[in-house]
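No lab work stands behind these numbers, since they all come straight from the coordinates. Worth saying up front: this structure is predicted, and the values here are computed from it rather than measured. A quick note on method: Cβ atoms are made from the backbone with ideal geometry, for glycine too, and the neighbour counts reach across all protein chains shown.
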Amino acid sequence: MFTHGDLQVTHVFVDGDEITGVIDWSEAGQGDALFDLATLTLGHEEHLGDVVAGYGTDVDLDVIRAWWSLRSLRAVRWLIEHGFDPWPEVAVLRSRL
């Protein structure tokens, strides 16, 4: 399946309830559509129900949560490699256990 690869709230333009545009397709390619849904809702878990409802098919929420964890682990690695404090991201991971 073709996916965005980095579908964040800041990459999606909306007008009311309608999506009017999506930018930054630099990481697009074949992948798991649930990764895009997870990336979009990471940090905005309160909107997961609405996103899943709009997706139009059954979504395995455990897969979404697994993608959240992987994305957070990757962020921890990037933060460490670039000299930033990873502990806020680690705290988010621990809160999901």
request  = At most 14 other Cβ atoms within 10 Å and a DSSP loop assignment: could you name the chymotrypsin sites (Phe, Trp or Tyr not before Pro) in the range 1-90 that fit?
outcome  = Trp25, Phe84
note = Classified through the alpha carbon gyration tensor (a ≥ b ≥ c as square roots of its eigenvalues; rounded if a/c is under 1.5, else prolate when a/b is larger than b/c, else oblate), the range 1-76 comes out rounded
Phi-based couplings in Hz for the range 7-24 (Karplus 6.51, -1.76, 1.60; Gly and Pro marked x) = 6, 10, 3, 6, 9, 10, 9, 10, 10, x, 9, 10, 6, 9, x, 9, 10, 6
note = Residue-ordered couplings for the range 76-88, obtained by feeding phi - 60° into the Karplus form 6.51 cos²θ - 1.76 cosθ + 1.60 and rounding to whole Hz (Gly and Pro as x), are 4, 4, 4, 4, 5, 4, 9, x, 9, 6, x, 5, x
key: Value of relative contact order over the chain, rounded to a whole percent, pairs C-alpha under 8 Å and six or more apart   = 22
query = Amide H to amide H, which residues 5 or more places from Thr3 or on other chains are under 5 Å from it, using H placed in the peptide plane?
reply = Gly29, Gln30, Gly31
query = Roughly how many whole Å is it from the C-alpha centroid of the range 28-97 to that of the range 1-24?
reply = 16
Segment Leu93-Val63, extension gain: residue separation times 0.36 nm, minus the distance between their alpha carbons = 9.3 nm
note = Rounded to whole Å, √(5λ) for the Cα gyration tensor eigenvalues of the range 36-97, largest first, gives 25, 10, 10
key: Potential extension, Val51-Ile19 segment - 0.36 nm per residue separation minus Cα distance   = 10.3 nm
